[in-house]
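Comments concern the structure below.
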Amino acid sequence: MVKITFFDGDGDPSGGHMFRGLRLFPIVAMIAASAAILAPSASASPAIECGTLASETIAKTYVSPRSTWTLRCGTTRYGYRHISSRWTSDPNFDDKIRVTLSYGSFKREGNAVTYQCTRVLVNCKGYIFRVVHENSPFADGRAQGIITAYNN
């Protein structure tokens, strides 16, 4: 969580009186702070090592105020093993998944939900990206999870 204090120009905090006169600084400051928090970073690479782990093993969990999503190790047809080649070729892949799940639009199709970041959504930073999450339960009772993710 980021706390931003606004100033009137006389050095004293405005106390939240953002709409006293025309003041663009608070709006610019909020946008800049949001961009800094949500901007993908190449250093935020996922530490996922599925190796010989079972396909149903949960490799990573994404959490946001919207929901919680799991990415299982999977197979060549779903999960981390399915998308791992895309992951290694794009240093921002993990951040794109996180931002898309947190801020993208979504559409339900049967037991699956497709989340999509589009260029018009502010947090999507000008890229188009999709994540498909399958809600059908696995043997452990939890959703199958993220079955695929890709740049569009």
Worksheet item: Label-point separation (nm) for residue 103 and residue 90, each offset 7 Å from Cα along Cα-to-Cβ?
Response: 1.6 nm
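For residue 150 and residue 48 in one chain, what is 0.36 nm times their gap in residues minus the Cα-Cα distance, to one decimal in nm? Don't jump to the answer; show the numbers that get you there.
Numbers: separation 102, 0.36 × 102 = 36.72 nm, distance 1.75 nm.
Length difference between fully extended and current span is 35.0 nm.
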Worksheet entry | In order through the stretch 117-128: 3J(HN,Hα) via Karplus (6.51 cos²θ - 1.76 cosθ + 1.60), integer Hz, x for Gly, Pro | 9, 10, 4, 7, 7, 3, 6, 7, 6, x, 10, 10
Worksheet item: Taking the Cα-to-Cβ direction at residue 68 and at residue 122 and moving 7 Å from each Cα, how far apart do the two end points lie in nm?
Response: 2.9 nm
Worksheet entry | Cut-off under 5 Å, modelled amide H: who pairs with residue 72 long-range | 59, 80, 146
Discussion item. I want to check the label-to-label distance for residue 136 and residue 112. Put each point 7 Å from Cα in the C-beta direction and report it in nm to one decimal.
Written reply: 1.0 nm
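Values in this text are rule-based calculations from the coordinates and carry no lab data. Source: prediction; values computed, not measured. Using ideal geometry, Cβ is built from the backbone for each residue, glycine included, and neighbour counts are taken over all protein chains shown.
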